Structures are given as structure tokens and as C-alpha cells.
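Read through the structure below, which is laid out as C-alpha cells, and then see the notes.
What follows is calculated from the coordinates using simple rules that are stated; it is not laboratory data. Just so it is clear, the model here is predicted, and its values are computed rather than measured. Glycine gets a Cβ as well: all are built from the backbone with ideal geometry, and neighbour counts include every protein chain shown.
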Amino acid sequence: MKLYYSPGACSMIVRMVLHQVGESFEATQIDLSVGEQRSSSFLSINPKGKVPTVVRDDGSILTELGTILTWIAERHPDSGLMPREHDQALRTREAVEYCISTIHALATTRIFVPSSFGSVAEEEAIRAEGRQRLTDGLAILNEQFAAGDHFTGRLTIADFMIFWLALGALMSGLQLPSAVQRGYEAMMQLDSVTRALAEEGFA
Ligand SMILES: N[C@@H](CCC(=O)N[C@@H](CS)C(=O)NCC(=O)O)C(=O)O
């Protein structure tokens, strides 16, 4: 398997989950800062021009973070990263989808890639809106968080997703709400997480 990634981007969540289930993979860096995602060679692999992009062992391409995480979890049912119990699985998917399609798309992208939303002159206002949206999104997840260290009560792909958003929040100078903070601290104890952070230069 091959993972196209950019350091610190949402592709890092795939790296963490692959380490968590013990899958080996080859990682190829795409430099988003110079627009390599829009190069003809990368577009010939993923015409969407996005990371994460996964090339499976049969050569087929898989895109969209939530789909990739679900695929990895389902290849490793004993990992529990996608719960077997129907309602728990639904709650996991619901959280992952909210993290990606609402919080990542509308909040962290505003903070880290403000140019996608307006001119240079508007950057500070765009970043501020991103921070507010991230705060609001994490507050909603915080309310839904189970009593222990994990979102549904057990470690799932949703925890990796929330961890990455929490990391972005901390890097933006935001404070984490209490349950999200608890989850963040628990995730920092996982080898899969610290290894991925180190591999992408966040040690
Ligand atoms: N819908 C995609 C979005 C992924 C995404 O936004 N990836 C960002 C990095 S975190 C990216 O590749 N940005 C490059 C660009 O938009 O040009 C998914 O869920 O995988």
C-alpha cells in the first residue's frame, strides 16, 4: 500500500491509523506548499488533487479521508476501530463525517489555508472565523463525548480524527474543552500517534 501525504495535513490521520492496525505502507510526500497536488503527475493518480490518497495493493486508488479510515478499520475488525455494534458504528461514522465535512472543510482549512477563502487582505478575518468554527465544532463533539478517554467509550477512528483537530486547535492557540482535552491526552499515549507525529516532523 502507498500513502500520499503532506506533513501535518489530514493525511497524518491515515498514517496514525495504519500504525495502529500494524499495516506496513510506503509514504510519498506531496508538497502542498508548492502546489505539487496540482502537478500533472499527481493529478494522473488522484484527479481531485488532494491528500490523503492511497494506492491499494491491487493498484486501485482510494480517496476521501473518511472512506480510507473506514476501509482500514474494516480490514482489521479485531482492532475495534470501527465498532461491530451497529449504533456505535453509526456514531463513529457520524463523528468522522462531522469532523471532515464540517470542521475540517470549514474551520481548519480557513485557519491553515486562508487563501482558499479570500484575498490576502482578508486573511486575518478568515483565520479568526476558522478559529471560531473550530471552537464551536469541538464544543459539539465535547458534549457528545463518552465518560472515559474515547469518544464512543472505546478507541475508534473517530478518536484519531478528533485528535488531529485538537492538535490544530492547540497549534492555533485555542484551549480544548475538557473531554476533548482528556481524549487528546489519551491519544498522546499511543505509539501509533507519537510515531506518526515524529515521522512527520512534529516530535
Ligand atoms: N475531501 C477530501 C479533503 C482532503 C483535504 O482537504 N486535503 C487537504 C490536506 S488536509 C489537501 O489535499 N489540500 C490541497 C488542496 O486543496 O489543494 C478528503 O476528505 O479526503
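Please list, in order along region 126-143, the HN-Hα scalar couplings obtained from phi with the Karplus expression 6.51 cos²θ - 1.76 cosθ + 1.60 (θ = phi - 60°), rounded to whole Hz, x for Gly and Pro.
Once θ is set to phi - 60°, the couplings for region 126-143 become 5, 4, 5, 5, x, 5, 5, 5, 5, 4, 5, x, 5, 5, 5, 4, 4, 5 Hz.
Taking GluC sites (Glu not before Pro) that fall in a DSSP loop and have at most 16 other Cβ atoms within 10 Å as cut points, what is the longest piece of the chain between them?
So the longest stretch without any such site is 86-203.
What does the net charge come to around LEU197 if you take all other residues with beta carbon closer than 13 Å to its beta carbon, with K and R at +1 and D and E at -1?
Result for the local shell: -1.
Quick check on the chain: what are the equivalent-ellipsoid semi-axes from the Cα gyration tensor, as sqrt(5λ), descending, whole Å?
Semi-axes (√(5λ), whole Å): 24, 24, 15.
Got the relative contact order for the chain handy, in percent, Cα pairs under 8 Å and 6 or more residues apart?
Relative contact order comes out at 22 percent.
Between GLN144 and HIS76, how high is the FRET efficiency from 1/(1 + (r/R0)^6) when r is the Cβ-Cβ distance and R₀ = 25 Å? Nearest 0.05.
Step by step, r from the Cβ atoms, then E = 0.50.
Per residue of region 182-196, what does 6.51 cos²θ - 1.76 cosθ + 1.60 with θ = phi - 60° give for ³J(HN,Hα)? Whole Hz please, x for Gly and Pro, Karplus curve as stated.
With the stated coefficients, region 182-196 comes to 4, x, 4, 5, 5, 5, 5, 8, 7, 4, 4, 6, 5, 5, 5 Hz.
Could you work out the local net charge near ALA139, counting Lys and Arg as +1, Asp and Glu as -1, over the other residues with Cβ closer than 13 Å to its Cβ?
Its environment carries a net charge of 0.
Taking amide H positions as placed in the peptide plane 1.01 Å from N, state which residues far from ALA27 in sequence (5 or more) or on other chains have amide H under 5 Å from it.
For ALA27, whose amide H was placed from the backbone, the distant partners under 5 Å are LEU3.
Arrange the following residues from fewest to most other Cβ atoms within 10 Å of their Cβ: TRP164, TRP71.
The order, fewest Cβ neighbours first, is TRP71, TRP164.
Explain nothing, just compute: Karplus ³J(HN,Hα) = 6.51 cos²θ - 1.76 cosθ + 1.60, θ = phi - 60°, for every residue of region 157-162 in order, whole Hz, x for Gly and Pro.
4, 4, 5, 5, 4, 5
At q = 0.19 Å⁻¹, what log₁₀ I(q)/I(0) does a Debye calculation on the Cα points of region 1-70 give, no solvent, two decimals?
-0.69
List ASP57, ASP159, ASP136 from most exposed to least, where exposure is judged by having the fewest other Cβ atoms within 10 Å.
So the residues, fewest neighbours to most, are ASP57, ASP136, ASP159.
Using the eigenvalues of the Cα gyration tensor, what equivalent ellipsoid semi-axes result for region 86-190 when each is taken as the square root of five times the eigenvalue, whole Å, largest first?
26, 14, 10
Taking the Cβ of TRP164 as the center, what net charge do the other residues with Cβ under 14 Å away carry, scoring Lys and Arg +1 and Asp and Glu -1?
Summing Lys and Arg as +1 and Asp and Glu as -1 gives -1.
What relative contact order, as a whole-number percentage, does region 86-190 give when Cα pairs under 8 Å and 6 or more residues apart are counted?
For region 86-190, the relative contact order is 28 percent.
Between the alpha-carbon centers of region 118-182 and region 1-36, tell me the distance in whole angstrom.
21
Can you work out the FRET efficiency for the pair SER41 and THR63, with r the C-beta to C-beta distance and R0 = 25 Å, to the nearest 0.05?
My answer for the efficiency is 0.95.
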